[in-house]
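Asker: First the structure, then my questions, so here it is.
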């Protein structure tokens with residue numbers, strides 16, 4: 001199946017710093033990528049939809065100036081958490097949309113564990 | 001309101017036993033239903049995907065069923081293994097081709113004990 005990678009797999013940073021997370025589709029081109037956040041024992045929550053070459057669409061309640069998304073190519077989207085605070089500590093998961101055959105499906109990355117001290 | 005409800009919330013079974021997880025949804029218009037397996041600290045991995053016209057799909061020891069009339073789905077795991085311990089998430093896509101319009105259930109946490 002299609003492979004989506006994320007880097008780094010985990011990161012620990014100090015409060016106030018910025019952290020960049022990369023999401024790559026390794027064997028297919030993804031015109032659309034999605035960023036999710038998952039808190040412990042909770043389901044995935046969609047943060048934003050990222051389209052190659054255009055501005056991301058953010059879900060209600062997600063601050064676009066805090067969570068900067070760049071989708072510069074068909075295989076790479078980045079999420080930058082700016083001025084991170086402890087409440088931003090979470091599991092961030094990206095997915096890439098793959099169109100094939102009768103429909104589309106999303107392939108998820110392995111996730112990035114962010115801990116803000 | 002589009003919702004996906006899963007039951008049970010958690011389940012403990014002995015290795016080698018079978019189990020069935022349930023998913024009820026109120027999503028319209030319906031496009032497809034997917035079951036994912038998510039290991040702790042990992043991203044979800046797709047197990048099955050079913051469209052409106054499909055009522056069963058298998059992937060090894062995993063068999064998913066779909067009743068589009070009653071808006072129910074189940075995931076049956078046969079001869080469970082320790083590695084089956086994970087969260088199983090039911091996800092419903094609301095509109096075909098819609099970007100990001102996936103509705104996630106909260107998952108069923110399965111623990112397989114030796």
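Asker: From (1) more than 14 Å from chain B (Cβ to nearest Cβ); (2) touching a helix residue (DSSP H, G or I) at 6+ places or on another chain (Cβ under 9 Å), pick out the condition that doesn't hold for residue A:115.
Answerer: (1)
Asker: Would you confirm, using the coordinates I've provided, whether residue A:32 is at the interface with another protein chain (Cβ under 10 Å from one of its Cβ atoms) and in contact with a strand residue (DSSP E or B) (Cβ under 8 Å, 6 or more places away or on another chain)?
Answerer: Details: at the interface with another protein chain (Cβ under 10 Å from one of its Cβ atoms): yes; in contact with a strand residue (DSSP E or B) (Cβ under 8 Å, 6 or more places away or on another chain): yes.
Answer is yes for this residue.
Asker: Which of the residues that make up the range B:6-58 are farther than 15 Å from residue A:41 by Cα, crowded, with 17+ Cβ neighbours inside 10 Å and touching a helix residue (DSSP H, G or I) at 6+ places or on another chain (Cβ under 9 Å)?
Answerer: Of everything in the range B:6-58, just one residue is farther than 15 Å from residue A:41 by Cα, crowded, with 17+ Cβ neighbours inside 10 Å and touching a helix residue (DSSP H, G or I) at 6+ places or on another chain (Cβ under 9 Å), namely B:19.
Asker: Would you call residue A:50 touching a strand residue (DSSP E or B) at 6+ places or on another chain (Cβ under 6 Å), buried (at least 19 other Cβ atoms within 10 Å of the Cβ) and at pLDDT 90 or above?
Answerer: Working: touching a strand residue (DSSP E or B) at 6+ places or on another chain (Cβ under 6 Å): yes; buried (at least 19 other Cβ atoms within 10 Å of the Cβ): yes; at pLDDT 90 or above: no.
When the stated conditions are applied, residue A:50 does not pass them.
Asker: I've got another one for you. Return the residue satisfying two criteria in turn: it lies in the range B:1-19 and is within 17 Å of the chain's Cα centre (by Cα) and assigned to a loop (DSSP other than H, G, I, E, B), and of such residues it is nearest to residue B:113 (Cα to Cα).
Answerer: B:18
Residues are listed down the side, and each one gets a yes or a no for (1) out of contact with any helix residue (DSSP H, G or I) (no Cβ under 9 Å at 6 or more places or on another chain); (2) away from chain B (no Cβ under 13 Å); (3) closer than 22 Å to residue B:89 by Cβ; (4) surrounded by fewer than 20 Cβ atoms within 10 Å (Cβ to Cβ):
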site: A:42; (1), (2), (3), (4): yes, no, yes, yes
site: A:54; (1), (2), (3), (4): yes, no, no, yes
site: A:59; (1), (2), (3), (4): yes, no, yes, yes
site: A:75; (1), (2), (3), (4): yes, yes, no, yes
site: A:83; (1), (2), (3), (4): yes, yes, no, yes
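Asker: While we're here: Kindly list the number of the only condition in (1) buried (at least 21 other Cβ atoms within 10 Å of the Cβ); (2) in contact (Cβ under 8 Å) with a residue 60 or more places away in the chain; (3) over 21 Å from residue A:93 (Cα atoms) that fails for residue B:66.
Answerer: Failing condition for residue B:66: (2).
Asker: Which ones in the range B:35-58 are in contact (Cβ under 8 Å) with a residue 12 or more places away in the chain, outside any strand (DSSP E or B) and at the interface with chain A (Cβ under 9 Å from one of its Cβ atoms)?
Answerer: Residue satisfying the conditions is B:44 alone.
Asker: Going by the structure shown, is residue B:67 touching a strand residue (DSSP E or B) at 6+ places or on another chain (Cβ under 8 Å) and within 30 Å of residue A:8 (Cβ to Cβ)?
Answerer: Numbers: touching a strand residue (DSSP E or B) at 6+ places or on another chain (Cβ under 8 Å): yes; within 30 Å of residue A:8 (Cβ to Cβ): no.
Taking the combined requirement at face value, the residue does not satisfy it.
The values are calculated or read from the model by the stated rules, or taken from the named source; none is laboratory data. Note that this is a predicted model, so its numbers are computed, not measured. FYI the Cβ positions are ideal-geometry reconstructions off the backbone, even for glycines, and counts take in every protein chain you see.
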